[in-house]
Amino acid sequence: MKIAVIGAGHVGSTAALMMAQKDLGNIVLVDVVPGMPVGKGLDISQAGPMLGYCCGVRGTNDYRDILDAEVVVIAAGVTRRPGMRRMDLLETNARIVAAAVDNIVHYAPHSIIIMVSTPLDVLSYVAMKLSGFGSQRVLGMAGVLDSARFRYFIAERTGVAVEDVQAMVIGGHGDAMVPLARYATVSGIPLTQLLDENSIEEIVNRVRQAGSEIVNLLHDGNAYYGPAAAVTRMVEAIARDKRQVRPCSVHLHGEYGLQDVFVGVPVILSKNGVERVIEIKLSAVEKASLERSAAEVREGIEAWQRLMLPDLEHIEAGD
(Lines give C-alpha, C1' and ligand atoms only; values in the text may rest on other atoms or scores of the structure.)
Protein backbone atom coordinates (compact mmCIF):
# COMPACT_ATOMS: atom_id res chain seq x y z
CA MET A 1 0.00 0.00 0.00
CA LYS A 2 1.13 3.54 -0.73
CA ILE A 3 0.58 5.87 2.22
CA ALA A 4 1.04 9.65 2.07
CA VAL A 5 1.51 11.77 5.19
CA ILE A 6 0.97 15.47 4.59
CA GLY A 7 2.75 17.53 7.21
CA ALA A 8 6.24 16.54 8.40
CA GLY A 9 6.04 18.17 11.81
CA HIS A 10 6.17 16.23 15.05
CA VAL A 11 2.91 14.32 14.49
CA GLY A 12 3.43 13.58 10.80
CA SER A 13 7.05 12.49 11.03
CA THR A 14 6.42 10.38 14.15
CA ALA A 15 3.46 8.72 12.43
CA ALA A 16 5.66 8.00 9.41
CA LEU A 17 8.23 6.36 11.71
CA MET A 18 5.61 4.25 13.49
CA MET A 19 4.05 3.13 10.21
CA ALA A 20 7.48 2.22 8.89
CA GLN A 21 8.14 0.16 12.02
CA LYS A 22 5.00 -1.83 11.22
CA ASP A 23 5.98 -2.17 7.53
CA LEU A 24 2.56 -0.92 6.47
CA GLY A 25 3.63 0.10 2.97
CA ASN A 26 5.49 2.67 0.91
CA ILE A 27 5.36 5.94 2.82
CA VAL A 28 5.67 9.42 1.33
CA LEU A 29 6.18 12.34 3.74
CA VAL A 30 5.15 15.72 2.29
CA ASP A 31 5.76 19.23 3.58
CA VAL A 32 6.13 22.72 2.10
CA VAL A 33 9.29 23.54 4.09
CA PRO A 34 12.19 23.16 1.64
CA GLY A 35 14.31 20.08 2.34
CA MET A 36 12.78 19.30 5.73
CA PRO A 37 10.63 16.28 4.78
CA VAL A 38 13.48 14.91 2.65
CA GLY A 39 15.82 15.03 5.63
CA LYS A 40 13.31 13.45 7.98
CA GLY A 41 12.52 10.73 5.43
CA LEU A 42 16.20 9.87 5.13
CA ASP A 43 16.62 9.84 8.91
CA ILE A 44 13.67 7.47 9.39
CA SER A 45 14.83 5.20 6.57
CA GLN A 46 18.36 5.02 7.95
CA ALA A 47 17.02 3.94 11.35
CA GLY A 48 15.49 0.86 9.68
CA PRO A 49 18.59 -1.37 9.75
CA MET A 50 18.91 -0.79 13.50
CA LEU A 51 15.23 -1.02 14.41
CA GLY A 52 14.51 -3.95 12.12
CA TYR A 53 12.07 -2.58 9.54
CA CYS A 54 12.40 -2.71 5.79
CA CYS A 55 9.91 -0.02 4.91
CA GLY A 56 11.53 3.28 3.97
CA VAL A 57 10.11 6.79 3.99
CA ARG A 58 10.49 9.14 1.06
CA GLY A 59 10.37 12.83 1.92
CA THR A 60 9.36 15.42 -0.63
CA ASN A 61 8.16 18.98 -1.24
CA ASP A 62 6.31 17.90 -4.37
CA TYR A 63 2.68 16.78 -4.15
CA ARG A 64 3.13 14.84 -7.37
CA ASP A 65 4.92 12.20 -5.30
CA ILE A 66 1.64 11.19 -3.62
CA LEU A 67 0.40 9.93 -6.99
CA ASP A 68 -2.03 7.00 -6.52
CA ALA A 69 -1.64 6.90 -2.73
CA GLU A 70 -4.33 4.69 -1.20
CA VAL A 71 -4.35 6.36 2.23
CA VAL A 72 -3.54 10.02 2.89
CA VAL A 73 -3.01 11.29 6.43
CA ILE A 74 -3.37 15.07 6.84
CA ALA A 75 -1.28 16.27 9.79
CA ALA A 76 -0.42 19.74 8.49
CA GLY A 77 -1.18 23.02 10.21
CA VAL A 78 -0.38 25.23 13.15
CA THR A 79 -0.60 23.89 16.69
CA ARG A 80 -2.14 25.15 19.92
CA ARG A 81 -0.33 27.16 22.54
CA PRO A 82 -1.29 27.43 26.21
CA GLY A 83 -4.67 29.14 26.64
CA MET A 84 -5.80 28.46 23.08
CA ARG A 85 -8.87 26.47 22.14
CA ARG A 86 -8.73 23.99 19.28
CA MET A 87 -11.29 26.08 17.39
CA ASP A 88 -8.92 29.07 17.50
CA LEU A 89 -6.88 27.34 14.79
CA LEU A 90 -9.79 26.94 12.37
CA GLU A 91 -9.19 29.78 9.91
CA THR A 92 -5.49 29.08 9.38
CA ASN A 93 -5.72 25.32 9.32
CA ALA A 94 -8.81 25.23 7.11
CA ARG A 95 -6.84 27.03 4.41
CA ILE A 96 -3.90 24.63 4.80
CA VAL A 97 -6.23 21.63 4.62
CA ALA A 98 -8.02 23.07 1.57
CA ALA A 99 -4.71 23.30 -0.31
CA ALA A 100 -3.82 19.73 0.70
CA VAL A 101 -7.23 18.39 -0.35
CA ASP A 102 -6.93 20.08 -3.74
CA ASN A 103 -3.71 18.13 -4.36
CA ILE A 104 -5.18 14.90 -3.01
CA VAL A 105 -8.09 15.13 -5.42
CA HIS A 106 -5.68 15.72 -8.30
CA TYR A 107 -3.03 13.10 -7.50
CA ALA A 108 -4.75 10.52 -5.27
CA PRO A 109 -8.44 10.65 -6.23
CA HIS A 110 -9.21 7.14 -4.98
CA SER A 111 -7.57 7.50 -1.57
CA ILE A 112 -8.95 7.36 1.95
CA ILE A 113 -8.32 10.59 3.91
CA ILE A 114 -7.57 10.47 7.64
CA MET A 115 -7.64 13.87 9.32
CA VAL A 116 -5.32 14.66 12.23
CA SER A 117 -5.11 18.46 11.93
CA THR A 118 -6.96 20.61 14.45
CA PRO A 119 -9.91 21.29 14.91
CA LEU A 120 -10.21 17.72 13.74
CA ASP A 121 -13.96 17.16 13.40
CA VAL A 122 -14.57 20.41 11.54
CA LEU A 123 -11.59 19.86 9.24
CA SER A 124 -12.81 16.34 8.47
CA TYR A 125 -16.06 17.95 7.28
CA VAL A 126 -14.05 20.48 5.26
CA ALA A 127 -12.03 17.69 3.62
CA MET A 128 -15.16 15.74 2.71
CA LYS A 129 -16.94 18.75 1.23
CA LEU A 130 -13.96 20.04 -0.75
CA SER A 131 -12.84 16.63 -2.00
CA GLY A 132 -16.25 15.33 -3.00
CA PHE A 133 -15.19 11.97 -1.58
CA GLY A 134 -17.90 9.81 -0.05
CA SER A 135 -18.22 9.79 3.73
CA GLN A 136 -16.81 6.26 3.76
CA ARG A 137 -13.45 7.66 2.61
CA VAL A 138 -13.00 10.63 4.96
CA LEU A 139 -12.56 10.18 8.71
CA GLY A 140 -10.87 11.77 11.68
CA MET A 141 -8.43 10.30 14.17
CA ALA A 142 -9.39 11.62 17.61
CA GLY A 143 -11.61 8.88 19.07
CA VAL A 144 -8.77 6.37 18.99
CA LEU A 145 -6.48 8.82 20.81
CA ASP A 146 -9.05 9.93 23.38
CA SER A 147 -10.01 6.32 24.14
CA ALA A 148 -6.33 5.40 24.64
CA ARG A 149 -5.98 8.27 27.09
CA PHE A 150 -9.10 7.08 28.90
CA ARG A 151 -7.66 3.55 29.13
CA TYR A 152 -4.35 4.86 30.44
CA PHE A 153 -5.94 6.97 33.19
CA ILE A 154 -8.13 4.04 34.27
CA ALA A 155 -5.11 1.72 34.42
CA GLU A 156 -3.16 4.32 36.37
CA ARG A 157 -5.95 4.80 38.93
CA THR A 158 -6.79 1.10 39.35
CA GLY A 159 -3.18 -0.12 39.28
CA VAL A 160 -3.73 -2.68 36.52
CA ALA A 161 -2.08 -3.41 33.18
CA VAL A 162 -3.35 -1.03 30.52
CA GLU A 163 -3.96 -3.89 28.07
CA ASP A 164 -6.61 -5.23 30.46
CA VAL A 165 -8.62 -2.01 30.17
CA GLN A 166 -11.29 -1.46 27.52
CA ALA A 167 -12.83 2.01 27.24
CA MET A 168 -14.31 4.28 24.61
CA VAL A 169 -14.73 8.00 24.05
CA ILE A 170 -17.27 9.34 21.56
CA GLY A 171 -18.26 12.84 20.44
CA GLY A 172 -16.15 15.65 19.09
CA HIS A 173 -12.46 16.08 19.87
CA GLY A 174 -12.94 18.90 22.34
CA ASP A 175 -13.85 19.69 25.93
CA ALA A 176 -17.36 18.30 25.36
CA MET A 177 -16.17 14.83 24.31
CA VAL A 178 -18.07 11.95 25.91
CA PRO A 179 -16.01 9.30 27.75
CA LEU A 180 -18.39 6.34 28.21
CA ALA A 181 -17.55 5.27 31.75
CA ARG A 182 -20.56 2.95 31.79
CA TYR A 183 -19.01 0.86 29.02
CA ALA A 184 -15.47 0.80 30.50
CA THR A 185 -14.21 -2.52 31.83
CA VAL A 186 -11.09 -4.07 33.33
CA SER A 187 -10.79 -7.66 32.08
CA GLY A 188 -14.56 -7.67 31.71
CA ILE A 189 -15.21 -6.19 35.17
CA PRO A 190 -17.29 -2.99 34.92
CA LEU A 191 -15.34 0.06 36.01
CA THR A 192 -18.23 1.04 38.26
CA GLN A 193 -17.44 -2.00 40.41
CA LEU A 194 -13.82 -0.94 40.86
CA LEU A 195 -14.01 2.81 41.39
CA ASP A 196 -16.46 5.12 43.11
CA GLU A 197 -18.43 7.77 41.26
CA ASN A 198 -16.12 10.64 42.26
CA SER A 199 -13.00 8.81 41.08
CA ILE A 200 -14.61 8.00 37.75
CA GLU A 201 -15.71 11.61 37.30
CA GLU A 202 -12.14 12.79 37.97
CA ILE A 203 -10.85 10.47 35.25
CA VAL A 204 -13.55 11.61 32.81
CA ASN A 205 -12.65 15.26 33.37
CA ARG A 206 -8.96 14.54 32.94
CA VAL A 207 -9.64 12.78 29.62
CA ARG A 208 -11.49 15.86 28.38
CA GLN A 209 -8.54 18.07 29.32
CA ALA A 210 -5.77 15.63 28.37
CA GLY A 211 -4.68 17.56 25.28
CA SER A 212 -4.64 20.89 27.11
CA GLU A 213 -2.72 19.32 29.98
CA ILE A 214 0.09 18.36 27.60
CA VAL A 215 0.01 21.71 25.79
CA ASN A 216 0.36 23.54 29.12
CA LEU A 217 3.24 21.32 30.23
CA LEU A 218 5.13 21.63 26.95
CA HIS A 219 4.53 25.42 26.74
CA ASP A 220 5.37 25.42 23.02
CA GLY A 221 3.81 22.47 21.23
CA ASN A 222 1.17 19.75 21.23
CA ALA A 223 1.08 16.05 21.99
CA TYR A 224 2.48 14.01 19.12
CA TYR A 225 3.45 10.51 20.26
CA GLY A 226 -0.15 9.67 21.16
CA PRO A 227 -1.72 11.18 18.02
CA ALA A 228 0.89 9.49 15.83
CA ALA A 229 0.24 6.12 17.46
CA ALA A 230 -3.52 6.58 17.05
CA VAL A 231 -3.38 7.35 13.34
CA THR A 232 -0.92 4.48 12.83
CA ARG A 233 -3.47 2.06 14.32
CA MET A 234 -6.11 3.39 11.96
CA VAL A 235 -3.88 3.07 8.91
CA GLU A 236 -2.94 -0.46 9.98
CA ALA A 237 -6.62 -1.46 10.22
CA ILE A 238 -7.17 -0.17 6.69
CA ALA A 239 -3.92 -1.43 5.14
CA ARG A 240 -4.40 -4.93 6.54
CA ASP A 241 -8.19 -5.00 6.19
CA LYS A 242 -8.56 -5.87 9.87
CA ARG A 243 -12.21 -4.85 10.22
CA GLN A 244 -11.45 -3.50 13.67
CA VAL A 245 -13.96 -1.56 15.75
CA ARG A 246 -12.52 1.86 16.50
CA PRO A 247 -14.10 5.17 17.60
CA CYS A 248 -13.44 7.61 14.74
CA SER A 249 -14.81 10.96 13.68
CA VAL A 250 -17.15 10.23 10.77
CA HIS A 251 -19.96 11.89 8.84
CA LEU A 252 -23.31 10.88 10.28
CA HIS A 253 -26.50 10.43 8.27
CA GLY A 254 -29.06 10.10 11.05
CA GLU A 255 -27.14 7.68 13.27
CA TYR A 256 -27.49 8.63 16.93
CA GLY A 257 -30.12 11.14 15.77
CA LEU A 258 -27.40 13.35 14.23
CA GLN A 259 -27.34 14.62 10.67
CA ASP A 260 -24.58 16.15 8.49
CA VAL A 261 -21.96 16.47 11.21
CA PHE A 262 -18.64 14.78 12.02
CA VAL A 263 -18.32 13.30 15.52
CA GLY A 264 -16.56 10.31 17.01
CA VAL A 265 -18.57 7.09 17.13
CA PRO A 266 -17.56 3.41 16.93
CA VAL A 267 -17.08 2.19 13.36
CA ILE A 268 -15.68 -0.85 11.60
CA LEU A 269 -12.45 0.04 9.80
CA SER A 270 -11.48 -2.00 6.74
CA LYS A 271 -9.69 -1.62 3.40
CA ASN A 272 -12.69 0.40 2.25
CA GLY A 273 -12.37 2.93 5.08
CA VAL A 274 -15.52 3.25 7.19
CA GLU A 275 -17.23 -0.08 6.62
CA ARG A 276 -20.11 0.59 8.99
CA VAL A 277 -21.16 2.88 11.83
CA ILE A 278 -22.08 0.94 14.97
CA GLU A 279 -24.92 2.39 17.01
CA ILE A 280 -24.71 1.55 20.70
CA LYS A 281 -27.38 2.24 23.29
CA LEU A 282 -26.85 5.48 25.17
CA SER A 283 -28.51 6.66 28.34
CA ALA A 284 -30.44 9.92 28.26
CA VAL A 285 -27.47 11.70 29.88
CA GLU A 286 -24.97 10.21 27.42
CA LYS A 287 -27.15 11.09 24.45
CA ALA A 288 -27.57 14.66 25.66
CA SER A 289 -23.79 14.92 26.10
CA LEU A 290 -23.22 13.63 22.57
CA GLU A 291 -25.69 16.17 21.19
CA ARG A 292 -23.89 19.00 23.03
CA SER A 293 -20.59 17.83 21.61
CA ALA A 294 -22.05 17.66 18.10
CA ALA A 295 -23.47 21.18 18.54
CA GLU A 296 -19.93 22.48 19.18
CA VAL A 297 -18.75 20.84 15.96
CA ARG A 298 -21.69 22.37 14.07
CA GLU A 299 -20.67 25.81 15.35
CA GLY A 300 -17.21 25.22 13.90
CA ILE A 301 -18.66 24.07 10.58
CA GLU A 302 -20.83 27.19 10.41
CA ALA A 303 -17.78 29.33 11.21
CA TRP A 304 -15.89 27.69 8.31
CA GLN A 305 -18.84 28.26 5.99
CA ARG A 306 -18.83 31.95 6.89
CA LEU A 307 -15.10 32.09 6.14
CA MET A 308 -15.78 30.48 2.78
CA LEU A 309 -18.48 32.98 1.75
CA PRO A 310 -16.16 35.45 -0.02
CA ASP A 311 -14.65 32.60 -2.06
CA LEU A 312 -18.09 31.27 -2.92
CA GLU A 313 -19.23 34.71 -4.05
CA HIS A 314 -16.24 34.95 -6.41
CA ILE A 315 -17.07 31.54 -7.84
CA GLU A 316 -20.71 32.50 -8.39
CA ALA A 317 -19.63 35.73 -10.09
CA GLY A 318 -17.46 33.74 -12.48
CA ASP A 319 -14.11 35.11 -11.21
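The values are calculated or read from the model by the stated rules, or taken from the named source; none is laboratory data. Since the model is a prediction, treat every value here as computed from it, not as a measurement. Ligands, DNA and RNA are stripped out before the accessible areas are found, and what is left, the full protein with its side chains, is counted by its heavy atoms. Shrake-Rupley method; radii C 1.70, N 1.55, O 1.52, S 1.80 Å.
Tell me which aspartates and glutamates have Cα within less than 14 Å of Lys40's Cα, excluding those fewer than 8 residues away on the same chain?
Filter leaves Asp31.
Between Arg151, Arg276, Arg306, find the one with the highest GNM mean-square fluctuation for the chain; connect C-alpha pairs within less than 10 Å.
Judging by the Gaussian network model, the answer is Arg306.
³J(HN,Hα) across region 11-16 via Karplus (A = 6.51, B = -1.76, C = 1.60, θ = phi - 60°), whole Hz, x for Gly/Pro?
Whole-Hz 3J(HN,Hα) from phi for region 11-16: 5, x, 5, 5, 5, 4.
What percent do you get for the relative contact order of region 210-319 when only Cα pairs under 8 Å and 6+ apart count?
That works out to 17 percent.
Can you tell which of Lys242, Lys281, Lys40 shows the greatest fluctuation in a Gaussian network model of the chain with Cα springs below 10 Å?
Of the options given, Lys281 has the highest mean-square fluctuation.
So who's got an amide H within less than 5 Å of the one on Ile112, skipping anything under 5 residues away but keeping other chains? H placed 1.01 Å off N, in plane.
Long-range HN contacts for Ile112: Val71, Val72.
Please turn the phi angles of region 236-249 into ³J(HN,Hα) values with the Karplus equation 6.51 cos²θ - 1.76 cosθ + 1.60 (θ = phi - 60°), one per residue in order, whole Hz, x for glycine and proline.
Result, rounded to whole Hz: 4, 4, 6, 4, 9, 6, 7, 6, 7, 8, 9, x, 10, 7.
Solvent-accessible area per residue for the chain at a 1.4 Å probe radius, Å²?
With the other protein chains kept in place, the chain gives 45 Å² per residue.
With contacts defined as alpha carbon pairs under 8 Å and 6 or more residues apart, what's the relative contact order of the chain in percent?
17 percent
Given 0.36 nm per residue, what is the gain on full extension from Gln209 to Ala284 after removing their alpha carbon distance, in nm?
Between Gln209 and Ala284, full extension yields an extra 24.7 nm.
Counting only protein heavy atoms and using a 1.4 Å probe, what share of the accessible area of the chain belongs to carbon plus sulfur, as a whole percent?
So the carbon and sulfur contribution to the accessible surface is 52 percent.
So how exposed is Asp102, as accessible area in Å² (1.4 Å probe, rounded to 10)?
110 Å²
So what J values fall out for region 264-276 if you push phi through Karplus, 6.51 cos²θ - 1.76 cosθ + 1.60 with θ = phi - 60°, rounded to Hz, Gly and Pro as x?
x, 8, x, 9, 9, 9, 9, 4, 8, x, 7, 6, 6
Over the Cα atoms of the chain, what is the Rg over Rh ratio if Rh follows Kirkwood?
Radius of gyration relative to Kirkwood radius: 0.96.
Return the single residue from Ala230, Ala155, Ala16 with maximal mean-square fluctuation; model: Gaussian network over the chain, springs between Cα atoms under 10 Å.
Ala155
Cα centroid distance between region 130-167 and region 253-306, in Å?
Measuring centre to centre over Cα atoms gives 15 Å.
Which three lengths, in whole Å and largest first, does region 160-257 cover when its Cα atoms are put on their principal axes?
So the three principal-axis extents are 40, 37, 33 Å.
Return the ratio Rg/(2.2 N^0.38 Å) for region 2-135, where Rg is computed over Cα atoms only.
1.03
Suppose only helical runs count, i.e. DSSP H with n ≥ 4. What mean residue ellipticity at 222 nm does that imply for the chain under -39500 (n - 2.57) per run, divided by all residues and rounded to the nearest 500 deg cm²/dmol?
-15000 deg cm²/dmol
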